[in-house]
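Asker: Submitted below is the structure of interest, expressed as structure tokens.
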2 protein chains.
Amino acid sequence: MEQTLEHARGGALAAALHRAGYKLTNPRLAVLYVLEGGMCHASPQEVYAAGCAVYPTLGLATVYRTLDILTELGLARPSYLGDAAQRFTLHHDHHHYHLVCDACGLITDVDEEALGSVTDEIAGRLGFRARGHYLEIYGVCQRCQSSN
Amino acid sequence: MEQTLEHARGGALAAALHRAGYKLTNPRLAVLYVLEGGMCHASPQEVYAAGCAVYPTLGLATVYRTLDILTELGLARPSYLGDAAQRFTLHHDHHHYHLVCDACGLITDVDEEALGSVTDEIAGRLGFRARGHYLEIYGVCQRCQSSN
DNA sequence: GTCCTAACTGAGAACTATTTTCAAGTAGGG
DNA sequence: CCCTACTTGAAAATAGTTCTCAGTTAGGAC
Ligand SMILES: [Zn+2]
Ligand SMILES: [Zn+2]
Ligand SMILES: [Zn+2]
Ligand SMILES: [Zn+2]
């Protein structure tokens with residue numbers, strides 16, 4: 001278990017936190033480990049549950065605090081994907097969008113450069129200096145269309 | 001005051017509710033009156049406060065329930081525009097997007113047909129049947145750029 | 001290595017937004 | 001005008017998130 005935390009220390013997120021002057025504590029490493037392990041689009045509660053498996057005394061407040069730091073550093077962002085909880089999405093290294101299935105909740109990542117230039121163009125035309133944007137497309141996924 | 005409620009009865013929203021089989025009660029008419037009076041992007045709390053002015057015994061729960069009905073009927077949708085509360089946006093008759101200013105909170109409506117076809121195309125390519133989408137662009141508005 | 005201090009922590013209280021419950025009230029078809 | 005199913009407001013319940021605070025810890029200075 002200590003082993004897994006040490007593994008997280010070598011990740012890109014840990015490096016970014018360290019660069020920004022944040023201490024690399026075990027609770028934070030546990031959160032980073034969970035996120036880098038593929039748990040994208042996770043609610044704070046889900047990250048907390050998974051984090052407890054590698055660091056049992058992890059507190060929920062620390063999960064929220066760590067997710068806030070990642071957001072502040074531009075490494076993640078909150079998304080509202082249908083349910084009440086705000087889910088956090090890692091940027092990995094590029095901004096991406098989501099297709100959200102209304103029926104089964106499936107979230108499909110889409111990486112579409114074209115859209116970025118469209119939004120920039122719209123914003124620019126209105127004198128608005130765009131810093132980022134947020135897009136979700138909702139509907140019914142392929143599997144749910146056939147199985148009904 | 002009774003007069004204002006009667007006025008709301010003649011609106012497009014009231015017609016849609018009636019068509020869907022909902023009763024046109026005074027509390028509902030008060031909410032519709034507020035929304036049609038230009039209070040777009042309003043949080044449930046704000047709708048409640050404004051609604052009390054025309055119908056003093058209005059309850060907050062009824063505001064939530066009425067907004068839910070409008071959402072269900074496709075006449076409005078929730079948006080998360082920076083602050084914690086979910087704000088409701090009337091569709092009027094066309095889907096629109098938002099430019100949200102990080103500095104002053106100004107929300108600018110954008111009606112851009114081009115974007116709809118882009119998102120439909122993306123969804124279609126992935127076998128996804130799009131029902132709608134949700135876009136916010138955030139950054140700094142023109143006024144906040146010059147006054148700093 | 002040891003010390004030191006500011007940064008960080010978990011637990012639980014507090015806070016906020018939203019939903020549910022329920023007894024009482026009402027719209028509107030018959 | 002009468003019913004009755006739908007609707008209501010108030011209050012309680014729930015859920016998500018933030019705050020508080022006393023104790024702990026990372027990591028730079030020595
Ligand atoms: Zn699906
Ligand atoms: Zn994603
Ligand atoms: Zn502004
Ligand atoms: Zn709008």
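Asker: Within region B:43-51, is even one residue closer than 26 Å to A:Ile137 by Cβ and not assigned by TED's automatic domain parsing to the domain that holds B:Gly139? Step through it out loud before you land on a result.
Answerer: Restricting attention to region B:43-51, the residues satisfying the condition of being closer than 26 Å to A:Ile137 by Cβ are B:43-44.
Now drop any that are not not assigned by TED's automatic domain parsing to the domain that holds B:Gly139, which leaves B:43-44.
Yes: one or more hits.
Asker: Across region A:112-148, which residue is surrounded by the most Cβ atoms within 10 Å (Cβ to Cβ) among those that are more than 10 Å from chain B (Cβ to nearest Cβ) and under 22 Å from the mean Cα position of the chain (by Cα)?
Answerer: So the residue we want is A:Gly116.
Asker: Would you say B:Gly51 is away from DNA strand C (no atom under 14 Å from the Cβ) and within 12 Å of the chain's Cα centre (by Cα)?
Answerer: no
Asker: When you scan region A:47-78, how many residues do you find that are touching a strand residue (DSSP E or B) at 6+ places or on another chain (Cβ under 8 Å) and either assigned to a loop (DSSP other than H, G, I, E, B) or surrounded by fewer than 19 Cβ atoms within 10 Å (Cβ to Cβ) (or both)?
Answerer: So the count comes out to 4.
Asker: In region A:82-107, what residues are among the β-branched types (Val, Ile, Thr) and open to solvent by 40 Å² or more (accessible area, probe 1.4 Å)?
Answerer: The answer is A:Ile107, and nothing else.
Asker: Pick out, from region B:80-148, the strands (runs of 3 or more DSSP E) lying fully within it that include 1 or more residues that are within 18 Å of B:Ala42 (Cα to Cα) and among the acidic types (Asp, Glu).
Answerer: By residue number, B:107-110, B:129-140.
The values are calculated or read from the model by the stated rules, or taken from the named source; none is laboratory data. Please read all numbers here as calculations on a predicted model, not as lab measurements. A quick note on method: Cβ atoms are made from the backbone with ideal geometry, for glycine too, and the neighbour counts reach across all protein chains shown. Keep in mind that these areas ignore ligands, DNA and RNA; they rest on the heavy atoms of the full protein, side chains included. Shrake-Rupley method; radii C 1.70, N 1.55, O 1.52, S 1.80 Å.
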